[in-house]
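Written below as structure tokens is the structure these notes are about.
The values are calculated or read from the model by the stated rules, or taken from the named source; none is laboratory data. Note that the structure is predicted; figures quoted are calculated from it, not measured. Here the Cβ positions follow ideal geometry from the backbone for every residue, glycine too, while neighbour counts run over all protein chains shown.
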Amino acid sequence: MKKHLSILALWVRSTFWGAAGILILTFAAETGLLWRQIDGVRAGTVPDFPTMVAGSQMQWPYFAGLTLLWAWLLVAGCRARRNTLGRLSVAEEKIALWHGACCAGWLAVFWAVQVGAVLVGYRMFLGAADPLTISGQTLFLACYRDDLLHWLIPLQDLWTAVWGTAAVLVLSLTTAVDGYCWRRGKRFSSLKSSLPWAILALGPVFGEGTMPWALAVMLVVVAGIDINRLYRGWKEGD
């Protein structure tokens with residue numbers, strides 16, 4: 001078990017500074033855009049929190065941050081040195097799975113940063129808005145009225161939560177397998193990773209529970225292809 005934890009620690013160390021920098025920049029950009037809406041809130045031209053979020057255009061830092069994080073995790077997987085990883089005598093396929101676990105962890109942190117930015121923006125709104133327009137349900141209702149907020153905080157919408165979680169897991173798997181193939185000098189197509197990335201990036205566009213079922217089938221196919229690739233590599237021992 002110590003060997004496996006050491007592999008995970010190597011992945012975390014190799015991705016930490018790049019991922020942390022992307023997360024910090026994304027958070028700063030989103031909260032900065034939300035702050036620019038405060039004058040409108042005080043003047044009454046921004047009547048509620050969903051309007052504040054929509055007017056801030058914070059979906060663009062979300063989109064850019066997700067894309068940069070995905071690219072960084074893929075580059076880290078491709079740049080990893082086989083001789084360094086091989087010193088722990090762990091099968092390359094298991095190393096790839098730990099890379100996938102690391103990717104999933106960073107994507108979960110990315111989601112937490114997005115929620116944190118929303119909560120900071122909400123505190124800004126509460127400090128500037130007319131108290132008569134605020135209730136205990138303000139944030140709850142906002143998460144149903146704004147597509148981005150609903151995607152990040154789906155509340156009772158189980159399907160949106162399932163879609164997001166599935167896309168994170170498949171994107172982590174495909175990123176890890178692409179790095180695995182690169183380290184072994186094998187061909188791979190980043191188009192597979194593009195599907196779960198697109199679901200995460202464009203999820204707010206689809207709205208509540210309306211993700212096309214064809215995408216679900218495609219996610220299963222993509223995951224199956226990569227799992228099969230790892231299994232074949234493990235059986236062949238190459």
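Worth a mention:
- Residue count, the stretch 38-54 (criterion: more than 22 Å from W151 (Cα to Cα) and under 27 Å from the mean Cα position of the chain (by Cα)): 0
- Number of positions in the stretch 149-181 that are among the β-branched types (V, I, T), crowded, with 24+ Cβ neighbours inside 10 Å and either over 17 Å from E93 (Cα atoms) or in contact with a Gly (Cβ under 7 Å, 6 or more places away or on another chain) (or both): 1
- Helices (runs of 4 or more DSSP H) wholly inside the stretch 69-151 that include at least 2 residues being within 22 Å of L34 (Cβ to Cβ), aliphatic (A, V, I, L, M) and within 13 Å of the chain's Cα centre (by Cα): 92-128
- Within the stretch 192-238, if we keep just the residues that are buried (at least 19 other Cβ atoms within 10 Å of the Cβ) and at pLDDT below 75, the residue that is farthest from A91 (Cα to Cα) turns out to be M211.
- Taking the criterion of being in contact with a Leu (Cβ under 8 Å, 6 or more places away or on another chain) and either at positive phi or without any contact (Cβ under 8 Å) to a residue 40 or more places away in the chain (or both), the residues of the stretch 125-163 that qualify are I134, F140, C143.
- Screening T84, T67 for residues that are among the hydroxyl-bearing types (S, T, Y), at pLDDT below 90 and surrounded by fewer than 15 Cβ atoms within 10 Å (Cβ to Cβ) leaves exactly one candidate, T84.
- Helices (runs of 4 or more DSSP H) wholly inside the stretch 1-60 containing at least 1 residues that are surrounded by fewer than 14 Cβ atoms within 10 Å (Cβ to Cβ): 2-35, 38-43
- Inter-residue pairs, beta-carbon under 7 Å, first closer than 19 Å to Q114 by Cα and in the stretch 28-45, second outside any helix (DSSP H, G or I), 6+ apart: E30/M58; L33/Q57; L33/M58; L34/M58; Q37/V46
- Whether a residue is among the basic types (K, R) and over 19 Å from L173 (Cα atoms) was assessed, and K2 passes this test.
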